[in-house]
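**Q** Below you will find the structure I want to go over with you.
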Amino acid sequence: LQRRAATMSFAARMYAFPGGSVDPADADRPATVDLSGRLGLPAPQAHAVCCAALREVEEETGLVLPAGALTPWARWITPEFEPRRFDTYFFVATMPPDQVAENVSGEADHALWIRPAAALDRVAGGEIAMLPPTIVTLRELAEHSDVDSVRRAAAGRDAATAVMPRVVAGRLVL
């Protein structure tokens, strides 16, 4: 998890996973594994999304993930009432051996390697703040005892159907 810098225009000081926008150049990057079916996107768009995820991880953590490292986990679309809306895919990956993650982008002012349940305890205790997609994803990840279990679970998840929160009676509903 990375705490977004106070200067960020969206979710400043919130803890989030590394990630960001698809850049037009992502479409021209070398081919990745075709995840179009898993993402519910045409192949060129899925390619750009996967390349963006790989690029963002490298830019923000210094980790170089191989093309086949990504397994789709979920898709979230910002609620309609929000002024800034995002269509975001979450992926899981195994950290490559012999690499060390670092906070290298300047978009974050603190990096935190922590088990999902421990991160949720810090949220509950008011020590750190996160947006609902990060909290829900951590809850789902906390159900698994190790990385292999997460990867097996990810293989069977529907990452094409978006989670689209809405407000019902003053509460955010997923």
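**Q** Residue 118 fails exactly one of the following numbered conditions: (1) more than 24 Å from residue 50 (Cβ to Cβ); (2) open to solvent by 60 Å² or more (accessible area, probe 1.4 Å); (3) of a type outside the set (Phe, Trp, Tyr); (4) assigned to a helix (DSSP H, G or I). What is the number of that condition?
**A** The one condition residue 118 does not meet is (2).
**Q** So for the stretch 56-64 (the condition being hydroxyl-bearing (Ser, Thr, Tyr), closer than 23 Å to residue 21 by Cβ and surrounded by 17 or more Cβ atoms within 10 Å (Cβ to Cβ)), does at least one residue qualify?
**A** For the stretch 56-64, residues hydroxyl-bearing (Ser, Thr, Tyr), closer than 23 Å to residue 21 by Cβ and surrounded by 17 or more Cβ atoms within 10 Å (Cβ to Cβ): present.
**Q** Filter the stretch 99-115 for residues that are open to solvent by 90 Å² or more (accessible area, probe 1.4 Å) and either within 18 Å of residue 54 (Cβ to Cβ) or outside any loop (DSSP other than H, G, I, E, B) (or both) and give the result.
**A** Within the stretch 99-115, 100, 102 qualify.
**Q** Name the pairs whose Cβ atoms lie under 7 Å apart, with the first residue in the stretch 149-166 and assigned to a strand (DSSP E or B), the second modelled with pLDDT of 95 or more, and 6 or more positions between them or separate chains?
**A** Correct list of pairs: 163/74; 163/75; 163/76.
**Q** Further question: Please identify the pairs in which a residue from the stretch 35-59 that is farther than 10 Å from residue 91 by Cβ and of a type in the set (Gly, Ala, Ser) has its Cβ atom under 7 Å from the Cβ atom of a residue that is open to solvent by less than 40 Å² (accessible area, probe 1.4 Å) and not in a helix (DSSP H, G or I), counting only partners at least 6 apart or on another chain.
**A** Listed by first residue and then by second, the contacts come to 40/160; 46/35.
**Q** I'd like the full set of residues that are in a loop (DSSP other than H, G, I, E, B) and acidic (Asp, Glu), limited to the stretch 121-136.
**A** Answer for the stretch 121-136, where residues must be in a loop (DSSP other than H, G, I, E, B) and acidic (Asp, Glu): just 127.
**Q** Can you give me the number of residues within the stretch 21-49 that are out of contact with any strand residue (DSSP E or B) (no Cβ under 8 Å at 6 or more places or on another chain), open to solvent by less than 60 Å² (accessible area, probe 1.4 Å) and either of a type outside the set (Asp, Glu) or over 26 Å from residue 82 (Cβ atoms) (or both)?
**A** Here the count works out to 9.
**Q** A further question follows. Counting only residues that are aromatic (Phe, Trp, Tyr) and under 11 Å from the mean Cα position of the chain (by Cα), which one in the stretch 65-93 is surrounded by the fewest Cβ atoms within 10 Å (Cβ to Cβ)?
**A** Of everything passing the filter in the stretch 65-93, 73 is surrounded by the fewest Cβ atoms within 10 Å (Cβ to Cβ).
**Q** Give the residues of the stretch 121-141 that are surrounded by 11 or more Cβ atoms within 10 Å (Cβ to Cβ) and either among the β-branched types (Val, Ile, Thr) or more than 15 Å from the chain's Cα centre (by Cα) (or both), sorted by residue number.
**A** Across the stretch 121-141, the qualifying residues are 121, 122, 123, 128, 129, 134, 135, 136, 137.
**Q** Cβ-Cβ distance below 9 Å, separation of 6 or more or different chains: which pairs start in the stretch 87-107 with a residue that is at positive phi and end on one that is open to solvent by less than 70 Å² (accessible area, probe 1.4 Å) and modelled with pLDDT of 85 or more?
**A** 106/5
The values are calculated or read from the model by the stated rules, or taken from the named source; none is laboratory data. Source: prediction; values computed, not measured. Quick reminder, even Gly has a Cβ in these numbers, built from the backbone with ideal geometry, and neighbours come from all protein chains shown. For accessibility, only protein heavy atoms count, side chains too; no ligands or nucleic acids. Shrake-Rupley method; radii C 1.70, N 1.55, O 1.52, S 1.80 Å.
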